[in-house]
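Visitor: This is the structure I have questions about; it appears just below.
The values are calculated or read from the model by the stated rules, or taken from the named source; none is laboratory data. The model shown is predicted, which means the values in this text are computed figures rather than measured ones. Cβ placement follows ideal geometry from the backbone for every residue including glycine, while neighbour counts extend to all protein chains displayed.
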Amino acid sequence: MKKVLSLFIALWCCLSCYMAAAQNNVLAGMIKDSANGKPLAGVSIFLNGTSKGTVSRNDGSFVLQGFPEGRYQLIISAIGYATYVTEVNSHHLPASLKISLHGTADELAAVTIEPYLKDGWSKYGKTFLQYFIGTTDNASSCTIKNKNVLRFHFYIKSNKLSVTAIEPLLIENKALGYELEYRLERFVCDFGAQIISYYGYPLFRNMTTEDEYKKKKWATNRQLAYMGSMMHFMRSLYRQRVREEGFLVKYKVPVPNMEKKRVKEIYQPNITRTDSIPMDSLHHYWEVLREPDYYMQTATDPNGLLTIQKDQTRVMFFYDDCTVIYGNPKRGIAYSESSIRLMNQQPIAIDENGSYYPQAEVLNLQHWSITENMSDLLPRDFDIDAPF
């Protein structure tokens with residue numbers, strides 16, 4: 001009897017642990033109209049850049065199952081309401097979210113609507129596709145299904161092109177087997193500075209097929225898109241496995257000018273007596289004191305890019321540009337060189353899923369400026385080792 005009781009207790013403990021674990025990866029909540037407090041049905045709720053999404057029920061409630069590991073932006077979007085964005089973390093999921101959406105009608109009425117180019121697509125559609133969809137092999141298999149929702153604005157004085165969208169873009173990627181809903185927040189092409197920047201909120205949906213060959217092709221293409229990508233690099237950096245994953249890095253670090261430090265300790269202009277100092281030594285001191293306090297030296301240790309905070313969050317920082325080299329000859333991936341620039345020289349937080357914050361701080365250059373576009377974009381919950 002005691003053995004049976006012990007076995008029952010053990011099974012109950014296991015079941016309790018399983019149920020707790022199951023509950024820990026579920027995000028639930030309620031969505032209402034901020035003006036009248038009524039529940040909102042059919043609202044889109046998803047984790048930015050993932051395949052995890054759902055819609056609210058008639059009573060305004062929602063349940064998002066299978067919350068992946070890491071930190072994500074939770075996007076809540078409905079026509080006629082301002083998009084709600086908040087941060088959620090798999091390690092500290094709230095018991096329940098209560099969210100009020102604010103209508104955009106009153107705000108829009110007070111804003112002067114900026115005119116857009118009626119022939120914008122014919123003039124700048126090719127430019128938009130080049131920088132938004134990309135130019136890699138996968139780009140030819142990508143299609144924007146509702147390009148009519150795009151609005152093009154060109155500013156002559158600044159020589160800039162701005163593109164907005166009145167509805168989420170519907171993108172079909174037949175190369176990777178995804179359908180995307182992309183809420184475009186910003187797209188700016190600065191022709192003068194030759195800098196293109198954009199960001200938005202994508203939601204991925206897996207395309208379905210009974211064709212086994214097509215399934216294998218999608219799986220292969222996804223693996224190839226992942227290897228050497230910025231998401232691959234950021235995940236490797238977070239886990240401190242940059243070299244093991246096949247990456248090489250080069251970046252600048254400040255190194256103290258030790259000779260200047262030594263001279264400062266023995267000589268201070270207009271203070272130190274120079275009676276006993278040979279003239280050639282004085283000339284040397286004067287030259288050294290004109291030098292910078294620090295020299296920039298090339299470093300190749302990837303761990304020097306990373307700082308692990310007390311709460312175990314990871315922060316990346318470097319000066320100027322960080323060069324990243326990747327290649328995988330066994331998979332037929334030729335070596336390529338990319339670089340990252342921190343626009344305002346501020347540290348960025350990186351997460352285990354490959355995300356980084358704030359996204360607007362990072363500018364991709366060289367190879368990544370070509371490949372980090374819609375045609376090669378993967379969801380943040382992508383797992384290269386998971387079965388298709």
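Visitor: For segment 29-111, give me every one of the strands (runs of 3 or more DSSP E) that falls completely inside it and has 1 or more residues that are of a type in the set (Phe, Trp, Tyr) and closer than 26 Å to Asn206 by Cα. Don't jump to the end; show me each part of the working.
Guide: Details: elements: 44-47, 53-55, 61-64, 71-77, 84-89, 97-101.
Passing ranges, in order: 44-47, 61-64, 71-77, 84-89.
Visitor: Here is a further query. Restricting to segment 215-230, give me the number of residues that are hydroxyl-bearing (Ser, Thr, Tyr) and within 21 Å of Tyr356 (Cβ to Cβ). Before you say what the answer is, go through the steps one by one.
Guide: So the first thing to find is which residues in segment 215-230 are hydroxyl-bearing (Ser, Thr, Tyr), and the list is 220, 226, 229.
Going one step further and asking which of them are within 21 Å of Tyr356 (Cβ to Cβ), we end up with 226, 229.
Count: 2.
Visitor: Ok, one more. Of (1) under 19 Å from the mean Cα position of the chain (by Cα); (2) within 20 Å of Ser197 (Cα to Cα), Thr307 satisfies all except one. Which?
Guide: Of the numbered conditions (1) under 19 Å from the mean Cα position of the chain (by Cα); (2) within 20 Å of Ser197 (Cα to Cα), the odd one out for Thr307 is (2).
Visitor: Another question about this same structure. Take segment 284-314 and flag every residue that is among the charged types (D, E, K, R), in a loop (DSSP other than H, G, I, E, B) and modelled with pLDDT of 90 or more.
Guide: Within segment 284-314, Arg290, Glu291, Asp293, Asp301 qualify.
Visitor: Suppose the filter is on the phi > 0 side of the Ramachandran plot, modelled with pLDDT under 95 and surrounded by 15 or more Cβ atoms within 10 Å (Cβ to Cβ); does Gly80 pass it?
Guide: Here the answer is no, as Gly80 does not meet what is asked.
Visitor: Restricting to segment 318-341, name every residue that is over 29 Å from Ser51 (Cβ atoms) and either touching a helix residue (DSSP H, G or I) at 6+ places or on another chain (Cβ under 7 Å) or assigned to a strand (DSSP E or B) (or both).
Guide: Phe318, Tyr319, Asp320, Asp321, Cys322, Thr323, Ile325, Ala334, Tyr335, Glu337, Ser339, Arg341
Visitor: OK, next. Which members of segment 170-198 meet the condition of being hydroxyl-bearing (Ser, Thr, Tyr) and either modelled with pLDDT of 95 or more or surrounded by fewer than 15 Cβ atoms within 10 Å (Cβ to Cβ) (or both)?
Guide: Tyr178, Tyr182
Visitor: Read through the list (1) within 30 Å of Asn138 (Cβ to Cβ); (2) surrounded by 13 or more Cβ atoms within 10 Å (Cβ to Cβ), then give the number of the only condition that Phe317 fails.
Guide: (1)
Visitor: Hey, can you tell me all the residues within segment 282-314 that are closer than 20 Å to Glu352 by Cβ and either exposed (fewer than 11 other Cβ atoms within 10 Å of the Cβ) or assigned by TED's automatic domain parsing to the domain that holds Asp137 (or both)?
Guide: Gln309, Lys310, Asp311, Gln312
Visitor: Just to be sure I understand, how many residues within segment 155-191 are charged (D, E, K, R) and farther than 17 Å from Leu203 by Cα? Talk me through it step by step, then tell me what you get.
Guide: Pass one, segment 155-191, residues charged (D, E, K, R): 157, 160, 167, 172, 174, 179, 181, 183, 185-186, 190.
Subsequent filtering for residues that are farther than 17 Å from Leu203 by Cα retains 157, 160, 190.
So the answer is 3.
Visitor: Can you name every one of the strands (runs of 3 or more DSSP E) wholly within segment 126-221 that holds 1 or more residues which are out of contact with any Asp or Glu (no Cβ under 7 Å at 6 or more places or on another chain) and farther than 25 Å from His367 by Cα?
Guide: 150-155, 160-165, 169-173, 178-190, 195-206
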